[in-house]
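Take a look at the structure below.
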Amino acid sequence: MQRMKAITGRCMSSHNAANKSPLRAKMTLPMIRQLYKDGKPITMLTAYDFPTGRLCESSDVDITLVGDSLAQVCLGYDSTVQLTLDEMIHHCRAVGRGSKSPLLLADMPFGTYFSPEEAIRNAARLMREGGVEGVKLEGGAEVIETVKRLTSYGIPVMGHVGLMPQRHVASGGYHVQGRNAKSARTIFHAAVHLERAGAFAIVVEAIPAVIATSIAKRVQNIPVIGIGAGNGVDGQVLVVSDVLGISQEPPKFSRQFARVGEIAQTAIGSYATAVRNKDFPRQAETFSISREQLLGFYQQTGQFQTRSKAEGSSSLDRPSTEEPAAEESLNRDTAAVESSNEEAATNNLSEEIDPRDEDPMVHLRSLFNKHKHTS
Ligand SMILES: Nc1nc(=O)c2c([nH]1)NC[C@@H]1CN(c3ccc(C(=O)N[C@@H](CCC(=O)O)C(=O)O)cc3)CN21
Ligand SMILES: CC(C)C(=O)C(=O)O
């Protein structure tokens, strides 16, 4: 019942051309909180563009995250550090056009929240220009003041501790965090402080499951959402391309719930083969034109001409006509075409016509001549 409430805001436009899925409740922060209070696991998935946004919508996830993994997964950069705020905003807008009902969040890109002032300005851009409903940022003690300031201005903030991909240069790679007592304690305290600073949720990434569970038990008022952090937390997040099986190097903690990459490659290979074999397109994949209109076209473009002439011109490749027209209406329409093109037609029809049997011209010419003789 909770999920059926609060059908407001962006959800009102969810029956547009872009979104054929049935109306579902617009996820709001209070609804996320309620899921948490009810002990229901929160589902979160990344999206990077309109199609993946639509998948979040139709698959009923609670939170769509335009993660800065966008940089690697979608844009081909080496790391998230290279992503700009403008690029992030551009992709948020696309995701938002497909993902209407889930809560829509964006990662603050690297270098856009080094001071509280900078963070406020850039988070406001993500909300105003990108259309997101909250931001996620990586960090512990060093971002607490920033989180306080953002939330004080009504900008919902999701924290992110443990493995922080934006620090991969300093960390020398993507390493599991919290595997010694000191590191685990630092992450634990960061989570506690993020809750106090006003974060509405915290992502914990690539830490031992028992540490994540400890954090989730200690953080009592907001959900702890795990990625590579085991099953003792309040929700899970994964990268959509890992879930679909289209990532080049999915992290060990992810699961490929399908092998969409293999399916896609097979499909595209089949397409290329069909084109090379002239097996694509087929008749049903082609457009037709009525015989009378085709006749008019041939007349108006002077294509009733001799075979030798025809062979000399490359513009005479003629599409086949498939649409059967009732003889009567064809004759009537042909007459109309003829009267408006009588002179040109007469000139052209006085010449020898391409005799090939399969050529629709042959049939059209005979109809045309029949009409001329009987009128
Ligand atoms: N496709 C994809 N999925 C992700 O989850 C993801 C990205 N890309 N890009 C941005 C960050 C980077 N992330 C990563 C990337 C690699 C590992 C990884 O391979 N970790 C190793 C352990 C490495 C070590 O401890 O030395 C592993 O075995 O999973 C983890 C998180 C998570 N994010
Ligand atoms: C995987 C999630 C948590 C993320 O931060 C990202 O996609 O960048």
Next item on the list: Please work out which residue is surrounded by the fewest Cβ atoms within 10 Å (Cβ to Cβ), limiting yourself to the range 74-92 and to residues that are more than 14 Å from ligand 2 (Cβ to nearest atom) and in a helix (DSSP H, G or I).
Entry: Asp86
Item checked: Val143 vs. criteria within 17 Å of Asp68 (Cβ to Cβ) and in a helix (DSSP H, G or I) -> yes
Margin query: Given the condition within 17 Å of Glu138 (Cβ to Cβ) and open to solvent by less than 20 Å² (accessible area, probe 1.4 Å), answer yes or no: does some residue in the range 96-106 qualify?
Written below: yes
Check: Can you find a residue in the range 114-123 that is part of a helix (DSSP H, G or I), assigned by TED's automatic domain parsing to the domain that holds Ser58 and within 26 Å of the chain's Cα centre (by Cα)?
Finding: yes
Next item on the list: Go through (1) over 22 Å from Asp68 (Cβ atoms); (2) in contact with a Leu (Cβ under 8 Å, 6 or more places away or on another chain) and name the single condition Val237 misses.
Entry: (1)
Note to self: One residue is enough: does the range 185-208 have a residue meeting the conditions touching a residue at least 60 places away in the same chain (Cβ under 8 Å) and either away from ligand 2 (no atom under 16 Å from the Cβ) or assigned to a helix (DSSP H, G or I) (or both)?
What the structure shows: no
Note to self: Of the conditions (1) within 16 Å of ligand 1 (Cβ to nearest atom); (2) closer than 28 Å to Asp78 by Cα, Gly269 satisfies every one except a single condition; which number is it?
What the structure shows: (1)
Margin query: Give all pairs with beta carbons closer than 6 Å in which a residue from the range 37-53 that is open to solvent by 60 Å² or more (accessible area, probe 1.4 Å) meets a residue that is modelled with pLDDT of 95 or more and part of a helix (DSSP H, G or I); count only pairs at least 6 apart in sequence or on separate chains.
Written below: Phe50/Ala94; Phe50/Arg97; Phe50/Gly98
Next item on the list: Would you check if there is a residue in the range 230-243 being out of contact with any Ser or Thr (no Cβ under 9 Å at 6 or more places or on another chain) and touching a residue at least 60 places away in the same chain (Cβ under 8 Å)?
Entry: yes
Margin query: I'm trying to understand the selection: among the residues of the range 125-184, which are open to solvent by 60 Å² or more (accessible area, probe 1.4 Å), within 16 Å of ligand 1 (Cβ to nearest atom), free of Cβ contacts under 8 Å to residues at least 24 places away in the same chain and under 24 Å from Asp234 (Cα atoms)?
Written below: Asn180
Note to self: Considering only residues that are within 10 Å of ligand 1 (Cβ to nearest atom) and in a loop (DSSP other than H, G, I, E, B), which ones fall in the range 52-73?
What the structure shows: Gly67, Asp68, Ser69
Next item on the list: State whether one or more residues within the range 213-224 are at pLDDT 95 or above, among the charged types (D, E, K, R) and within 15 Å of ligand 2 (Cβ to nearest atom).
Entry: no
Note to self: Against the condition touching a Ser or Thr at 6+ places or on another chain (Cβ under 6 Å), at pLDDT 95 or above and within 12 Å of ligand 2 (Cβ to nearest atom), how does Ala106 come out, does it pass?
What the structure shows: no
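The values are calculated or read from the model by the stated rules, or taken from the named source; none is laboratory data. The structure presented is a predicted model; accordingly, all values stated were derived computationally and were not measured. Cβ coordinates were reconstructed from backbone atoms using ideal geometry, including for glycine residues, and neighbour counts include every protein chain displayed. What goes into the accessible areas is simple: the full protein's heavy atoms, side chains included, and nothing from ligands, DNA or RNA. Shrake-Rupley method; radii C 1.70, N 1.55, O 1.52, S 1.80 Å.
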